[in-house]
Amino acid sequence: MRCPRLAVLLVCATLAPQTFGAELHAVVYDHNGKPLPNAVVVATPEDGSVPAAKSTVAIVDQIDKEFVPYVKAVRAGSYVKFPNKDDIRHHVYSFSPAKKFELPLYTGTPAQPMLFDKPGVVKLGCNIHDWMIAYIYVAETPYFGKSEADGRVNLDTLPPGRYHVRVWHPLMQGTEGDTVKRVELRDAGASTVEWKLKLKSEFRPRRQPLPGEAGYR
């Protein structure tokens, strides 16, 4: 005996995976009111409950003697690869407390990715090219994102509840703790938070000329 078509549809709808969750829309501006890219927004549940971290692999490239991207956000427990796509060697390092390491002069991609298991900010440099600077933000929660040119970060499918939401940027004045906002997220609709950050100037050595070339590039 065949099941009625309606009954089959109801069973399929019941078994199909459904995605629910709250949404958080964040906008970050600089002190002049312009959208600010490369800002990391982090939402931490007030009750401290977060799902177990999954092992993932992220990438920070080296292209035209620059780190790409300038800011990379990952969750604690992630691995990061540092492929060198230039035709010269680089020497990647960090002295940051969250991750101290060195990848001595190399080309191509190191055989083993680096594990970033401690939350915090990791500043990257190159011993050969002093102007090469980048940052890896290691979050303790899976609820984070990085702003693009429009200064926006949209986080969706978050469990409803109360969160402490903060923002970080490599040139911000003050600390992340100064930016914390308490937000309650519900299933229906989205909550919006905004920041206006005061920025400091970044000191970065100028790019040096290649042998036989005049000036800086």
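Only the coordinates and a few stated rules stand behind these numbers; no lab work does. Owing to the predicted nature of the structure, the values given are computational and were not obtained by experimental measurement. In this analysis, Cβ positions are derived from the backbone assuming ideal geometry, glycine residues included, and neighbour counts consider all displayed protein chains.
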Within the stretch 51-140, the percent of DSSP beta bridges that are antiparallel, given to the nearest 5, stands at 70
Quick one: which of 39-46, 147-154 comes out on top by average Cβ neighbours within 10 Å, and what's the full order, highest first?
39-46, 147-154
For the stretch 48-101, state the average projected area of the convex hull of the C-alpha atoms over all orientations, rounded to one decimal in nm².
4.8
Any idea what the dipole of the chain comes to, in debye rounded to 20, about its Cα centre with Lys/Arg Cβ at +1 and Asp/Glu Cβ at -1?
100
Separation between Cα centres of the stretch 121-160 and the stretch 169-205, rounded to whole Å
12
Helix 5-15: angle to the longest alpha-carbon principal axis of the chain, degrees 0 to 90, nearest 10?
40
Principal semi-axes in Å for the chain [√(5λ), Cα gyration tensor, largest first]
39, 24, 16
Positive-end residue, the stretch 51-140 charge dipole about Cα centroid, Cβ charges, pick of Gly120, Ile88, Phe101:
Gly120
Enter the per residue convex hull volume of the stretch 51-140, computed from alpha-carbon coordinates, in Å³ rounded to the nearest integer.
77
Contact order normalised by length for the stretch 56-194, with contacts defined as Cα pairs under 8 Å and 6 or more residues apart; what percent is it?
20
